[in-house]
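Taking it in order: structure first as structure tokens, then the write-up.
The values are calculated or read from the model by the stated rules, or taken from the named source; none is laboratory data. Keep in mind that what you see is a predicted model, and the values were worked out from it rather than measured. Methodologically, a virtual Cβ is constructed for each residue, glycine included, from the backbone with ideal geometry; neighbour enumeration extends over all protein chains shown. To get the accessible areas, we keep the full protein, side chains included, count just its heavy atoms, and leave off ligands, DNA and RNA. Shrake-Rupley method; radii C 1.70, N 1.55, O 1.52, S 1.80 Å.
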There are 2 protein chains.
Amino acid sequence: MAANQEDVKLLGAVASPFVFRVQLALKLKGVEYTFVAQDLKNKSEELLKYNPIHKKVPVLVHNEKPINESLVIVEYIDEAWKGYPILPTHPYNRALARFWAKFIDDKVFIASWKSVFTADEEEREKNAKEAVEALQVLENEIKGKFFGGEEPGFVDIAASFIAYWSPLIQEIAGLQLFTSEQFPKLYKWSQEFLNHPIAKEILPPRDPLFALFKARYESLHASK
Amino acid sequence: MAANQEDVKLLGAVASPFVFRVQLALKLKGVEYTFVAQDLKNKSEELLKYNPIHKKVPVLVHNEKPINESLVIVEYIDEAWKGYPILPTHPYNRALARFWAKFIDDKVFIASWKSVFTADEEEREKNAKEAVEALQVLENEIKGKFFGGEEPGFVDIAASFIAYWSPLIQEIAGLQLFTSEQFPKLYKWSQEFLNHPIAKEILPPRDPLFALFKARYESLHASK
């Protein structure tokens, strides 16, 4: 399909690490798209139409067909467009990439998030401990510059919140879970990731992101 | 690779709906394999070697290389062997299949399981309500004989516990969430699924499965 026949829209919100995954995949692949910012406190008809089940971002709309769930969208992008390979070619390496992306979602993301954004202190501590254990597992998995080898791939895309969002929300909470001392390989990876020209270009600006999550943190802890 | 060079082992437990997914995928694909039953109360060195992170079944070991997580394994089987197509061909249909399989794991499975195997009554009721809501969403998605069309595919494999395990554990708990009146299309699907020759051949025998889960249910409720 020629580029001028494509209609690619991304329904998103700038602060979301899940939306960022899709942006990064589109940019790596060189796909032109329109970003349609969503107000998640006042959901648009377009969002409810294209994601009636979860009513969440990101939603990729490709020639009027919607795709939901960030990792499902990233795999779709890899299969629908040629060029930059996001997943590896060999079935075994593809399975490993899917395994680690799922590990990141199930074990790293949830615990990292709840270690900051949970009202109950005991729950926060339990999650902080689980986040550190999961990061330790990941630490032992980094072999090259990126999880994907010399260039970022599926696992790097899945892990992007570890490089940018995690240190930021931990700073707000006065936590230091992700340090260069405890996780030297993962820390080095995070620096490579943040300095990758495409990631760097599209990462959301730090100050408004910090202010947004700080307000969320304070409102959560004020309402106890 | 010729059939006689293949070494395919499945580390599993007969009662597990996640192990069943992998068995069904292998059988549909016509892959010969050895089933290595695991005692999950006394985990084998083989299991710890091949799944050091989650220490769970199923694990597929293909020529000494392990793959974990049931849906990751099913996709691997589809990519590593030719023949019966488990996922559709078109990227958009593949994305839909992955979306629904994830929906089944995240929304249907967890709530269905907790509606029976949770000690707290309020939690059980909350999960029963969520399970019914999620099944309602799925009910509206069945268009043909199977989710995958005329033959079972990725979503049917993911959904297999709805056809066999859910009614069984609900009977144990005296629950009737999944009825032909409330879910006519899903119920019809479940009958097609249970009568599919390959599914029928490998579903675990009902009586020992019932006894196993009844004992688990009674021990949970006795320990309150």
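The GluC sites (Glu not before Pro) of the range B:42-73 meeting both criteria, a DSSP state outside H, G, I, E and B (loop) and at most 10 other C-beta atoms within 10 angstrom of the site's C-beta, are B:Glu64. Heavy atoms of the protein chains alone define the surface here; on that basis the protein assembly as shown has 48 Å² accessible area per residue at 1.4 Å probe size. Working note: 222 nm ellipticity from helices only, DSSP H runs with n ≥ 4, each -39,500 (n - 2.57), summed and divided by the residues of chain B, gives -15500 deg cm²/dmol to the nearest 500.
The accessible-area loss of the range B:88-115 on complex formation, taken against its chain alone with a 1.4 Å probe, reaches 40 Å² or more at B:Pro91, B:Tyr92, B:Ala95, B:Arg98, B:Phe99, B:Lys102.
Amide H to amide H distances under 5 Å link B:Val36 with B:Leu10, B:Leu11, B:Gly12, where only residues 5 or more positions off or on other chains count and H is placed in the peptide plane. Each other copy holds its own label point for A:Glu151; taking that point as 7 Å from Cα along Cα to Cβ, the gaps run 3.6 nm, nearest first.
For A:Ser180, inter-copy separations between label points set 7 Å beyond Cα along the Cβ vector come to 6.8 nm, shortest first. Among the residues of B:45-58, the average count of other protein chain beta-carbon atoms within 10 Å of the residue beta-carbon is 1.
Shape analysis of the range A:105-149 places it in the prolate category; the axes a ≥ b ≥ c from the Cα gyration tensor give an a/c of at least 1.5, with a/b above b/c.
Over the range A:83-191, the hull volume per residue, using the convex hull of the C-alpha atoms, is 95 Å³. Within the listed set B:Glu139, B:Glu122, B:Glu201, the residue fluctuating most in the Gaussian network model of chain B (springs between alpha-carbon atoms under 10 angstrom) is B:Glu122. Applying the Karplus relation 6.51 cos²θ - 1.76 cosθ + 1.60 with θ = phi - 60° to the range B:96-110 yields 3J(HN,Hα) values of 4, 4, 5, 4, 5, 5, 5, 4, 4, 5, 6, 9, 8, 4, 4 Hz, where x marks Gly and Pro. GNM remark for chain B: springs join alpha carbons under 10 Å apart, and the peak mean-square fluctuation among B:Ala163, B:Ala25, B:Ala173 falls on B:Ala173.
Given the convex hull over the Cα atoms of the range B:1-133, what projected area results after averaging over all orientations, in nm²?
Details: hull surface 38.8 nm².
Its average projected convex-hull area is 9.7 nm².
Taking 4 °C and 1.567 mPa s as conditions, chain B diffuses translationally at an estimated 71 µm²/s according to Stokes-Einstein applied to its Kirkwood radius (Cα pairs).
Projecting 7 Å from Cα along the Cα-to-Cβ direction, the label point of A:Glu133 sits 3.0 nm from its equivalents in the other copies, listed shortest first. Straight Cα distances below 15 angstrom link B:Lys200 to the aspartates and glutamates B:Glu151, B:Asp156, B:Glu192, with same-chain residues fewer than 8 positions distant left out. Here is the interface size for A with B: some 2300 Å² of accessible area buried, both sides summed, with a 1.4 Å probe.
In a solvent-free Debye calculation with one equal scatterer on each Cα, what is log10 I(q)/I(0) for the range A:155-224 at q = 0.23, 0.29 Å⁻¹, listed in the order of the q values? Cα-only, vacuum Debye calculation for the range A:155-224: -1.07, -1.31. Taken about its Cα centre, the protein assembly as shown carries a charge dipole of roughly 40 debye when the Cβ of each Lys and Arg holds +1 and the Cβ of each Asp and Glu holds -1. Specify whether the C-alpha gyration tensor of the range B:3-80 places it in the rounded, prolate or oblate class, a ≥ b ≥ c being the square roots of the eigenvalues: rounded for a/c under 1.5, otherwise prolate if a/b is larger than b/c and oblate if not. Verdict is prolate for the range B:3-80. For the range B:39-110, a/c is not less than 1.5, where a ≥ b ≥ c are the root eigenvalues of the C-alpha gyration tensor, and a/b does not top b/c. That puts it in the oblate class. According to the calculation over all Cα-Cα pairs in the protein assembly as shown, the P(r) per 10 Å bin from zero is 4, 18, 29, 29, 17, 4, 0 %.
When the charge dipole of chain B is built from unit charges on Cβ atoms (+1 for Lys and Arg, -1 for Asp and Glu) and taken about the Cα centre, the candidate among B:Ala37, B:Tyr92, B:Ser180 whose Cα reaches farthest toward its positive end is B:Ala37.
Where the accessible area of the range A:3-80 is counted over protein heavy atoms with a 1.4 Å probe, how much of it, in %, is carbon and sulfur? If you can, show how the numbers build up before the last one.
Values: 1670 of 3430 Å².
Carbon plus sulfur share of accessible area: 49 percent.
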